[in-house]
Structures are given as C-alpha cells and as structure tokens.
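This report concerns only the one structure given below.
The values are calculated or read from the model by the stated rules, or taken from the named source; none is laboratory data. Quick caveat: nothing in here was measured; it's all calculated off a predicted structure. Because the Cβ atoms are built from the backbone with ideal geometry, glycine has one as well, and the counts that use them run over all protein chains shown. For accessibility, only protein heavy atoms count, side chains too; no ligands or nucleic acids. Shrake-Rupley method; radii C 1.70, N 1.55, O 1.52, S 1.80 Å.
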Amino acid sequence: GDGKAREDVIEEIARSIDKKLPPLFDVDRAKVKFPVVYTESMNTVFVQELVRFNRLLERVSTSLVQLMKALRGEVVLSVELENMGSK
C-alpha cells in the first residue's frame with residue numbers, strides 16, 4: 001500500500017462516507033405535501049419511512065463522528081466502534 005496507518009485509512013473512509021450522507025428529510029414539509037389522513041394511507045407510510053430514514057442517517061452520522069473522535073483518542077473506542085473498524 002501507500003504506507004498509511006490503519007487508523008488513517010479508517011478515518012479517511014469515515015470522512016468520505018460522512019460527506020456523502022444526504023441531508024435529513026424535512027418531515028414537516030412532507031406532511032404538508034402528503035397529508036397524513038385516513039383516506040391516504042400511503043401518505044402515512046411515506047411519512048413514517050421518512051422519520052425512520054432520518055433516524056438511520058442520524059445514527060450513521062453519529063457513529064462516524066464517534067469513530068473519528070476515537071481514532072484521534074478524544075473518546076474511548078466502544079466495542080461497536082471497534083467492530084466497525086475491524087470488518
């Protein structure tokens with residue numbers, strides 16, 4: 001390879017992934033455009049999925065930030081973060 005330390009490679013990948021994450025969906029705006037009403041059940045499903053996807057995006061972003069902090073020694077590396085780095 002190019003002689004980079006394992007931690008540097010992992011941090012580089014984490015930064016790259018973090019930059020590619022889309023912004024959170026505007027759920028309130030979606031509710032206006034797709035009202036959650038009894039007669040439009042798909043709107044309800046759509047809004048619920050946006051909420052779930054936002055939670056996923058937040059979780060991925062938080063995990064990446066924690067991983068990068070751990071690599072710099074700013075926080076303790078959790079078992080979950082260690083597993084991310086060893087796969």
Q. Going by the structure shown, is Asp28 closer than 21 Å to Glu80 by Cα, part of a helix (DSSP H, G or I) and of a type outside the set (Gly, Ala, Ser)?
A. no
Q) So which residues in the range 67-78 are surrounded by 15 or more Cβ atoms within 10 Å (Cβ to Cβ) and part of a loop (DSSP other than H, G, I, E, B)? A) Leu77
Q: Scan Leu57, Leu64, Leu50, Leu81 and give me the residue that is closer than 17 Å to Asp8 by Cβ, open to solvent by less than 50 Å² (accessible area, probe 1.4 Å), touching a residue at least 24 places away in the same chain (Cβ under 8 Å) and assigned to a helix (DSSP H, G or I).
A: Leu64
Q | Where Val36 falls short, out of the listed (1) surrounded by 15 or more Cβ atoms within 10 Å (Cβ to Cβ); (2) assigned to a loop (DSSP other than H, G, I, E, B) | A | (1)
(Q) Being under 21 Å from Leu57 (Cα atoms) and of a type in the set (D, E, K, R) is the filter here; which residues of the range 25-43 pass it? (A) Asp26, Asp28, Arg29, Lys31
Q.
Could you go through the range 10-21 and let me know if any residue there is over 27 Å from Val75 (Cβ atoms) and either in a helix (DSSP H, G or I) or in contact with a His (Cβ under 7 Å, 6 or more places away or on another chain) (or both).
A. no
